[in-house]
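> If you scroll down you'll find the structure; I have some questions about it.
Only the coordinates and a few stated rules stand behind these numbers; no lab work does. What you are looking at is a predicted structure, and each value in this text was computed from that prediction instead of being measured. Ideal geometry is used to build each Cβ from the backbone, glycine not excepted, and the neighbour counts take in all protein chains shown.
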Amino acid sequence: MAQLLSLFIVVAVLSLLSLGILRLAKLLKVDGKAQEQWIERINGVLPQTQCGQCGYSGCRPYAQALSQGEAINKCPPGGAATINRLSNLLARESVPLDPIHGVESERKIAYIREADCIGCTKCIQACPVDAILGASKRMHTVIVSECTGCDLCVEPCPVDCIDMIPAQSPASISQWRKPGSPTTIIWPQTAPSIGDATKGQPR
Amino acid sequence: MTEFIVIIVAAALANNYVLVQFLGASTVYSLPLGSKLEPAIAFGIANLLIIVGSGALNYLLYHALLVPTATTYLYLVMFMLINSLLVVLLDAIWQRLHQSSYLPLKSSMLMIAINTCVLGSTLISLERNSDFLITLAQALGAGLGFLIVMVLLSAMRIKLSDPRIPAPFQGSAIAIISAGLLALGFLGFVGIV
Amino acid sequence: MNSLIRLSRRLRNQAGYTRKTRPLRRGITPPINKSDSLSKAIQKLPLAKELVLPLRVYQSLTLEPVVKEGEAVLKGQVIASLDGFNIHAPSSGTVATIEDRPYANPAGLYAPCIVINTDGMDRWHPSISDRASENFNERSPYALIELIAEAGITGLGGAGFPCHQKLHSATQHNIDTLIINAMECEPSIAADEALLQERATQVVEGIKILQYILHAKTCLVAIEDSKDAAIKQLLSAVEGSDIEVVILPTRYPSGSEQQLIKALCDKELARGQLPASIGVHCQNVATSYAIFEAICLGRPLVSRITTITGDALASCNVEVLLGTPVVDALEFCDENALEKTKSLIFGGPLMGVELANELCPVNATTNCIIASQSQTLLKPEQDCIRCGFCAQVCPAYLLPQQLLLASQQGAHEQARAGGLQDCIECGACNYVCPSHIPLVQYYRAEKAELRNLDAMASRAQHWQQRFENHQARLDKQKATALDRRSRALRMRAKAPQAPIKTDLHDEQIKAPSSATAETSAVLSADQAKSDIQAALARARAKKAQQQQSTAISDKPHPKSEEKE
């Protein structure tokens, strides 16, 4: 009997202690500010194309989901680089991109075939970053420097006049090749290389 | 004083919990820490705080509560309960102090609660019937040792992501081989204590 | 014995001066390999039939052509210009065409070039003689900088940064030390040394102009102790002036700007810091010579001295007109050079760029052309054995091995944290690497990668801002629409006889500027309607076709799969 009583005492003391600690922990926890800041940081890693390929309505919602344990491999525009940075930030194992959400490709921008555009403004409303310029019944066009290449304007177009074309990154002359690539430079256009040039050719 | 230093050094290096006594090794290997040192350091420090806290609290509760009421058979349950509570508490405190850098630890916090290193430190002290200060020193040493191993292995893991490791050895294989080599190295510390 | 003489000279430096220097401790001492080309005097390259002048001068700085196709030009005439900075015709002739041509750059890009067919007369433009002035002291420093800009002078040492911009930013600071870089520490390159051997007086004249522009208290000319003849000429040329010649030990890469400033002034530059901010200004000797020609003779930058070397031909130093195709320079040195050449390098053996095209024109930064008989100078790469030689020679005090690992793995943050941006790409690590790893190539690729990442990050920030603005605008629109709706409801409650269509507001909320049926009625042109109908039909047909093709390929749409 005494044994049972002492057991009860111990359990009661320990329960009170746990309740106290849990209460203290709850008091210590701050409001959602930390969470907000954290989501902001995750959002900073995402490419901000606002394309929704991850299944969320934009980059921030995905960041929010990430903070609650969503998989880090759902962002095709960011590709391996973003997954890598997310894995560092979130301290999670790096995994390859989930093909369900798309494949990593070079950056693209939308291009409106102006001859076909009927001026319906549907793409203007679809654009998450207001990168399409135009008015009702007037031809629309994409502001190249602002286009994120999110693809969202392609679907709503009733006449299918929007193409996604590879973005031309501003060519940098200091773009060096990685070793292992062929030692001779591959010229973007066909140019005569050493030995091809005949001596009699006017120079 | 010398005694405490010897105990701390011995627990941290010569009797390192992870590499020599194989306590909490699973935690070290299974933690997904990405390719950076910071999470490892943060986790190690959190673990250190928990070990010391649980060592002290468990000692006090064991001797003040369980022994007088002759319910020492409850020790395991109580230790685990206290450990979990401490983790919850530390979780809250940590979040308060480091608002934005805290969250990556969240998933790992649970790992501390079930870390055998924490429980092991308390149990070993209990087994040896050591007094309060010795228990504390022992816990501090254990925590330091865990921190050191955590950082070392994490740094090694970063280096081991080199893709030129032969395919059969990639991943956990090379991690365990190198941890084994590290453990052999740590055995060398036995000489200094 | 020779080394003893060098040692004593280094201790003495120059009679009358006892400047304490801190020569580069790290770095390498490769074979100098300059005596071949220096044994001959500077030769003038025969006029090429065609001169190609890239309009892109420094990285993305592209000039606007001011001549048209078919226009006759004279030597020294402005053919392209931007903000007072000019490119000049290197010889007289006619403008053949303005088109994209290959030019010397690591990315293998094309740039718009002005192509001039020379007439063989090499007639100077008459304005040249008007511009010449014996006495530069009569002009203000700013006028001189303007003249330098007009003469189109870029740094002739390495990067090719426009000289006037460098001088202009230097005048914003208080410059107390002007350093003239005559180190030319890279093996095989002897262009500056040859220039000093033959035209030291003119170079010193140019230095005096720079000194006048910058009001520099101290003016140092740094030169390596192995350049005996050049030192002799230089010392006699500076006689009587307050220009000080400092002789430094021969060691690569002590001629790099940062390393030189450290050696002479014991000051170090922080990352991204300009020398001007610590009161130092560096210029190359060849640039000084070009400045002399521009100010005293009125001649713009139309030629430079270049070393042509390599085992495919007989080495020599030539004075070459800018825009001359490399092949002309090669054939001047050896008739069969083109057949023998397997690889062609612009620049020195350690820092140069391998070219795939011998029609690339010589530009202002071409201080050396190496024509090699072997396929490539690089030996096959092996694995890193972690010998640490690279860390011992790195003049920037980096850990090349760690950076290499980070670059190879694409660990960009690690590479950045390791100070990759501080790498001066000198190639000393390549030189000592027993595994023949082209470390610098990895670094260059990684640097480009980091730049891309930065660009992407700034783009993302911009997009985020725009997206937030967009959202804010939508929210505001919604709020006003709701407001209007509630007001309308209130109105209706007051006056029930006036019916108000609430669904119209709904439409406005959804599509504030969409084309409704009324607006199309306003545009009652049948033509437009039929056009739209046709376009819609076309689209429908196309969509049907696409669906068919996807059905055939049996590839479900990614989004539909997700829904399942």
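> Looking at this model, which pairs from A:Lys33/A:Lys74; C:Lys20/C:Lys227; C:Lys232/C:Lys447; C:Lys166/C:Lys267; C:Lys166/C:Lys217; A:Lys26/C:Lys476 are more than 30 angstrom apart at the alpha-carbon? Provide the component values of the computation, followed by the final result.
Values: A:Lys33/A:Lys74 26 Å; C:Lys20/C:Lys227 20 Å; C:Lys232/C:Lys447 41 Å; C:Lys166/C:Lys267 19 Å; C:Lys166/C:Lys217 18 Å; A:Lys26/C:Lys476 37 Å.
The answer is C:Lys232/C:Lys447; A:Lys26/C:Lys476.
> Where in segment A:113-140 does the amide nitrogen come within less than 19 Å of the point 7 Å from the Cα of C:Arg540, taken along Cα to Cβ?
Counting only backbone N, you get A:116-120.
> Roughly what % of DSSP beta bridges within chain C run antiparallel, to the nearest 5?
On the way: 41 of 64 bridges.
Here the share of antiparallel DSSP bridges comes out near 65 percent.
> Something else about it: Could you put C:Lys40, A:Lys26 in order, starting from the residue whose Cβ has the fewest other Cβ atoms within 10 Å?
Working: C:Lys40 13, A:Lys26 10.
Least to most surrounded, the residues fall as A:Lys26, C:Lys40.
> What's the average, rounded to a whole number, of partner chain beta-carbon atoms within 10 Å of each residue's beta-carbon in A:7-14?
Numbers: counts 5, 2, 4, 10, 4, 0, 5, 9.
Counting Cβ atoms of other protein chains within 10 Å of each residue's Cβ and averaging gives 5.
> Rounded to the nearest 500 deg cm²/dmol, what is the calculated helix-only ellipticity per residue at 222 nm for chain C, with -39500 (n - 2.57) per DSSP H run of length n ≥ 4? Don't skip to the answer; put the middle values down first.
Working: 20 runs with 234 residues, N = 564.
Result for chain C, helices only: -13000 deg cm²/dmol.
> Using unit Cβ charges (K, R positive; D, E negative) and no other charged atoms, how large, in debye to the nearest 20, is the dipole of segment C:307-463 about its Cα centre?
Numbers: 9 positive and 17 negative charges, 127 e Å.
Magnitude of the dipole: close to 600 debye.
> Just going by the charge dipole of segment C:413-468, with Lys and Arg at +1 and Asp and Glu at -1 on Cβ, which of C:Tyr442, C:Ala417, C:Gln461 is farthest out on the positive end?
C:Gln461
> Now for a separate question. Would you mind working out the magnitude of the charge dipole of chain C relative to its Cα centre, with +1 at each Lys and Arg C-beta and -1 at each Asp and Glu C-beta, to the nearest 20 Debye?
Working: 61 positive and 62 negative charges, 491 e Å.
Taking the Cα centre of chain C as origin, the dipole is about 2360 debye.
> How many angstrom lie between the C-alpha centres of segment C:429-497 and segment C:263-338?
For segment C:429-497 versus segment C:263-338, the Cα centre distance is 44 Å.
> State which helices in chain B qualify, where a helix is a whole DSSP H run, it must extend 30 Å or more along its own axis by its Cα atoms, and its mean Kyte-Doolittle hydropathy must be at least 0.0.
On the way: long enough: B:37-61 (35 Å, 1.58); B:75-97 (32 Å, 1.68); B:132-160 (41 Å, 1.87).
Qualifying helices, which must be both long enough and hydrophobic enough, are B:37-61, B:75-97, B:132-160.
> Give me the one-decimal nm value for the distance between modelled label points at B:Val190 and C:Ser236, 7 Å along each residue's Cα-to-Cβ direction.
Simple spin-label model gives 8.0 nm for this pair.
> Taking the Cβ-Cβ separation of C:Ser35 and B:Ala183 as r and a Förster radius of 51 Å, what is the calculated FRET efficiency to the nearest 0.05? Please report the intermediate quantities before stating the final value.
Values: r = 59 Å, r/R0 = 1.16.
It comes out at approximately 0.30.
> Just how far, in whole angstrom, is segment A:90-126 from segment A:61-76 if you go by their alpha carbon centroids?
For segment A:61-76 versus segment A:90-126, the Cα centre distance is 18 Å.
> Search the structure for amide H atoms under 5 Å from the amide H of B:Val18, placed 1.01 Å from N in the peptide plane, and list their residues when 5 or more places away or on another chain.
B:Leu23
> May I ask which residue of C:Gln283, C:Tyr252, C:Ala182 lies farthest towards the positive end of the charge dipole of segment C:180-338, with charges of +1 (Lys, Arg) and -1 (Asp, Glu) on Cβ and the Cα centre as origin?
C:Gln283
> Taking 7 Å along the Cα-to-C-beta vector as the label spot, tell me the C:Thr94-C:Met491 distance in nanometres, rounded to one decimal.
7.5 nm
> Can you give the mean number of other chain Cβ atoms that lie within 10 Å of the Cβ atoms in peptide C:447-460?
Average per residue, whole number: 4.
> List the DSSP H helices in chain C whose Cα atoms stretch 18 Å or more along the helix axis and whose mean Kyte-Doolittle hydropathy is at least -0.5.
Details: long enough: C:191-214 (27 Å, 0.30); C:439-494 (82 Å, -1.25); C:526-553 (40 Å, -0.88).
Answer set is C:191-214.
> Name the chymotrypsin sites (Phe, Trp or Tyr not before Pro) in segment B:1-99 that are in a loop by DSSP and that have at most 15 other C-beta atoms within 10 Å, would you?
Answer in residue order: B:Phe22.
> Quick check on the exposure proxy: order B:Arg128, A:Arg41, C:Arg444 from fewest to most C-beta atoms within 10 angstrom.
Numbers: B:Arg128 11, A:Arg41 16, C:Arg444 23.
Ordered by Cβ neighbours within 10 Å, fewest first: B:Arg128, A:Arg41, C:Arg444.
> Per 20 Å bin, what is the whole-percent P(r) computed from every C-alpha pair distance within chain C?
17, 42, 21, 15, 5, 0
> Let me ask you something else. Would you mind giving the average projected area, over all directions, of the Cα convex hull of segment C:17-148 in nm² with one decimal? Kindly include the intermediate steps, with their values, before the conclusion.
Details: hull surface 55.9 nm².
Hull-based average projected area comes out at 14.0 nm².
> Does segment C:72-149 come out rounded, prolate or oblate by the C-alpha gyration tensor, with a ≥ b ≥ c the root eigenvalues, rounded set by a/c under 1.5 and, if not, prolate when a/b is larger than b/c and oblate if not? Provide the component values of the computation, followed by the final result.
On the way: a/c = 3.06, a/b = 1.48, b/c = 2.07.
Oblate.
> For peptide C:282-291, how many partner chain Cβ atoms fall within 10 Å of a residue's Cβ, on average? Could you put the intermediate results ahead of the total?
On the way: counts 0, 0, 0, 0, 0, 0, 0, 0, 0, 0.
Mean inter-chain Cβ contacts per residue within 10 Å come to 0.
> Given H placed on each backbone N at 1.01 Å, which residues far from C:Ser303 in sequence or on other chains put an amide H within less than 5 Å of it?
Distant-sequence amide H within range of C:Ser303: C:Leu322.
> Restrict the search to segment C:31-128; then list the GluC sites (Glu not before Pro) that DSSP places in a loop and that have at most 16 other Cβ atoms within 10 Å of their Cβ.
Loop-located and lightly packed - C:Glu69, C:Glu71.
> What ranking do A:Asp98, C:Asp83 get, fewest neighbouring Cβ atoms within 10 angstrom at the top? Please list the in-between numbers first.
Values: A:Asp98 17, C:Asp83 12.
Listing A:Asp98, C:Asp83 from fewest to most nearby Cβ atoms yields C:Asp83, A:Asp98.
> Quick one: dipole size for chain B, taken about the Cα centre, charges +1 on Lys/Arg Cβ and -1 on Asp/Glu Cβ, in debye to the nearest 20.
Details: 7 positive and 6 negative charges, 92 e Å.
With only Lys, Arg, Asp and Glu charged at Cβ, the dipole is about 440 debye.
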